[in-house]
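S.K.: Okay, handing you the structure first.
The values are calculated or read from the model by the stated rules, or taken from the named source; none is laboratory data. Everything quoted here is computed from the prediction, not taken from an experiment. When we count neighbours, we look across all protein chains shown, and the Cβ atoms used for this are built from the backbone with ideal geometry, even at glycine. The area values use the complete protein model at the heavy-atom level, side chains included, leaving out ligands, DNA and RNA. Shrake-Rupley method; radii C 1.70, N 1.55, O 1.52, S 1.80 Å.
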Amino acid sequence: MTTLNEKRADLLVRATDPFNGGPTLEQLNAGSITPNDAFFVRNHGDIPEINPSDFRLTVNGMLYQPLALTLDDIKSLPAHTVTATLQCAGNRRVELATIAPIPNELEWDQEAISTAVWRGARLRDVLAQAGIDAGAGHVAMLGIDEIAKDGETFGFGGSIPLAKALHPDTLLAYEMNDAPLPPTHGYPLRALIPGYIGARSVKWLSQITAQAQPSDNYYQSVAYRLLPPDAQDEDAAVMLGELPLISVILSPAPNAVLASGDMQVQGYAYASERAVVRVDVSCDGGQTWRVARLLGEAERWAWRKWETTVQLAPGQHMLVVRAWDSAAQTQPEQIATVWNIKGYMNNAWHRVPIVVR
Ligand code: MTE
């Protein structure tokens, strides 16, 4: 089953069964909020069909009072709105694959990222109703969708540290951009874990478990971990959570042939838990830099669009972007230094070659 009927026909499609795809450069560059029909999709299995009146969210584990909540129960809690960017850990994998092969993974370019206004109940309000046991350190989440892999069938799940679950912007979301969650994006209920890899924002949420350790679900304990460069030492793998600082050029497109004169360079930058404080653009492969304008208002959990105007002489040019965050940190220069066998967390400088006539 594909989900194309919910989506624009011109999305960049990375897989059709299940459907995985995201916005084109032009769609990413169109504004600060991504419309639902252009928002990127990362599905590991088929979209489950859920009758909202049968829906129950089981809340169990290290709690004083296990709960089984209906959608109405969740909607009766105070509603909270968060503008947040969702980014897959595999965003920009295609650049990493130029260093060494990354087998059996989707070849995302810069489109496994989008931003929406999410509305829902706070996860912490549900946990407070249940009462958390002192030994709990993590909150595990499970989706209703089933994934068949290597002869086994299991649900999609993951976990976040308890402190993140208690953050006031961590949501059980039922609305996306003022509409009910579309089926592809987790209808009727999903987790929204701002600042964390998209995989932790579990869709079609069915169960929340307070527990001492991180989830042992495949998508927490095996996938979405960063292996060391030799890809051998499993014990040295890092479970992914917070996203790194990133920036991307959305316009001009790679290999564009442009007329000389004023030219706009535009893109996105995103800093997870921190703020984007500056974006630098180079037109000479990173030898000299100019400071770009940050556009719009800063939203705590959202990307920041930026632009700058340059004038370039005829010839070939290598545009490069790097961002700085509120801890005065910037991005690594070389893609090779962040390569890993699963192709996660590429936040190296983004390079776009162009030709000026
Ligand atoms: N939740 C469930 N139940 N099943 C999934 O396949 N994919 C995860 C996450 N939540 C997934 C899921 C991944 S890897 C990402 S990046 C985000 O959903 C993508 O969210 P989106 O499709 O709404 O953009």
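S.K.: Restricting the search to segment 174-186, which residues are closer than 30 Å to Leu245 by Cβ and assigned to a helix (DSSP H, G or I)?
M.R.: Correct list: Thr184, His185.
One line per residue, one yes/no per condition, for (1) in contact with a Phe, Trp or Tyr (Cβ under 8 Å, 6 or more places away or on another chain); (2) hydroxyl-bearing (Ser, Thr, Tyr); (3) closer than 28 Å to Asp46 by Cβ:
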| residue | (1), (2), (3) |
| --- | --- |
| Ser159 | no, yes, yes |
| Asp169 | yes, no, no |
| Ala173 | yes, no, yes |
| Gln207 | no, no, yes |
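S.K.: Identify the single condition in (1) hydrophobic (A, V, I, L, M, F, W, C); (2) more than 19 Å from Val356 (Cα to Cα); (3) not in a strand (DSSP E or B) that Ala269 does not satisfy, given that it satisfies every other one.
M.R.: Evaluating Ala269 over (1) hydrophobic (A, V, I, L, M, F, W, C); (2) more than 19 Å from Val356 (Cα to Cα); (3) not in a strand (DSSP E or B) leaves (3) as the failure.
S.K.: Right, another one. Test Ala179 against the criterion of being open to solvent by 20 Å² or more (accessible area, probe 1.4 Å), small (Gly, Ala, Ser), at pLDDT 95 or above and more than 9 Å from the ligand (Cβ to nearest atom), and give yes or no.
M.R.: Spelling it out, Ala179 is indeed open to solvent by 20 Å² or more (accessible area, probe 1.4 Å), small (Gly, Ala, Ser), at pLDDT 95 or above and more than 9 Å from the ligand (Cβ to nearest atom).
S.K.: Looking at (1) small (Gly, Ala, Ser); (2) in contact with an Asp or Glu (Cβ under 9 Å, 6 or more places away or on another chain); (3) within 16 Å of the ligand (Cβ to nearest atom), which one does Gly267 not meet, given that it meets all the others?
M.R.: (3)
S.K.: When you check Ile335 against the structure, is it at pLDDT 95 or above and either crowded, with 21+ Cβ neighbours inside 10 Å or over 30 Å from Val257 (Cα atoms) (or both), yes or no?
M.R.: no
S.K.: Does Asp284 satisfy the condition of being over 25 Å from Leu86 (Cβ atoms), among the charged types (D, E, K, R) and in contact (Cβ under 8 Å) with a residue 40 or more places away in the chain?
M.R.: no
S.K.: Within segment 1-94, which strands (runs of 3 or more DSSP E) (wholly inside it) include 2 or more residues that are more than 16 Å from the ligand (Cβ to nearest atom) and either in contact (Cβ under 8 Å) with a residue 40 or more places away in the chain or more than 24 Å from Ser114 (Cβ to Cβ) (or both)?
M.R.: In segment 1-94, 57-61, 67-69, 79-87 are the strands (runs of 3 or more DSSP E) which contain 2 or more residues that are more than 16 Å from the ligand (Cβ to nearest atom) and either in contact (Cβ under 8 Å) with a residue 40 or more places away in the chain or more than 24 Å from Ser114 (Cβ to Cβ) (or both).
S.K.: Also: Would it be correct to say that Arg304 is open to solvent by 60 Å² or more (accessible area, probe 1.4 Å) and modelled with pLDDT of 95 or more?
M.R.: So Arg304 fails the test.
S.K.: Got a sec? Which of Leu77, Leu71, Leu67, Leu86 is crowded, with 19+ Cβ neighbours inside 10 Å and hydrophobic (A, V, I, L, M, F, W, C)?
M.R.: Going through Leu77, Leu71, Leu67, Leu86 in turn, the sole match is Leu86.
S.K.: I'd like to know if segment 289-308 contains one or more residues that are under 19 Å from Asp109 (Cα atoms) and in contact with a Pro (Cβ under 7 Å, 6 or more places away or on another chain).
M.R.: Scanning segment 289-308, I find no residue that is under 19 Å from Asp109 (Cα atoms) and in contact with a Pro (Cβ under 7 Å, 6 or more places away or on another chain), so the answer is no.
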